[in-house]
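A.B. asks: Here it is: the structure, laid out below.
The values are calculated or read from the model by the stated rules, or taken from the named source; none is laboratory data. As the structure is a prediction and not an experimental result, all values here were calculated from the model. As a convention, Cβ positions derive from the backbone with ideal geometry for all residues, glycine included, and neighbour counts pool all protein chains shown.
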Amino acid sequence: GSTMTSLTYIRERLLQSIDRLSPTQRFQVIAFRELADSKIELPPIQARTGSLPRATRENKQAVADWLKQMPARGRSNPVDGLNAALQFKPDMVLLIARGIERTQAPWAGGLKAVRQQLDTLNPLDPVSGTRPVVIKTIQLLDEDPTGIMRTIGVFHGDGLNDHQII
């Protein structure tokens, strides 16, 4: 719901990014929001079980069609989206969100709880000092006053543009 005024922009930028992918690359888009039967929604693109779909022309078009019909509605908890994304074992996740402060309940129990959950889902390797998945955050319109988005980017990013406000 908080992305209602930004959804057109998100769709356009997301589709531009997906369009740049080559057919040998793999990707996925996950919408996270409270729905009647789920907290996440995936586009109807084809992949082997447990694998990310290839960036084929057909999969890109399926995502474009899916995004065009997707309304902005419901409250969200990005930790649900991140949990779903990490199940695919990607190299990188881009978390795009808006309106943490406007949700009626803090995301997943607040900053400390989010850090604990993500540290469990994406643990730091004590030897290499890296995590299995790089998570970068994009905050829409205004800085997140809770600090959650910036914290996710700082602690789970790779040190290059880990948190941006657009």
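A.B. asks: Does LEU141 satisfy the criteria of being modelled with pLDDT under 90, over 15 Å from PHE32 (Cβ atoms) and in a loop (DSSP other than H, G, I, E, B)?
C.D. replies: When the stated conditions are applied, LEU141 passes them.
A.B. asks: Further question: All but one of (1) within 13 Å of the chain's Cα centre (by Cα); (2) at pLDDT 85 or above hold for ARG98, so report the exception by its number.
C.D. replies: All conditions pass for ARG98, except number (2).
A.B. asks: Let me ask something else about it. Can you tell me which of VAL114, VAL127 is surrounded by fewer than 16 Cβ atoms within 10 Å (Cβ to Cβ), more than 23 Å from ARG11 (Cα to Cα) and either at pLDDT 90 or above or β-branched (Val, Ile, Thr) (or both)? Quick ask: steps written out before the conclusion?
C.D. replies: On the way: VAL114 fails: surrounded by fewer than 16 Cβ atoms within 10 Å (Cβ to Cβ).
Selected residue: VAL127, the only one of VAL114, VAL127 that is surrounded by fewer than 16 Cβ atoms within 10 Å (Cβ to Cβ), more than 23 Å from ARG11 (Cα to Cα) and either at pLDDT 90 or above or β-branched (Val, Ile, Thr) (or both).
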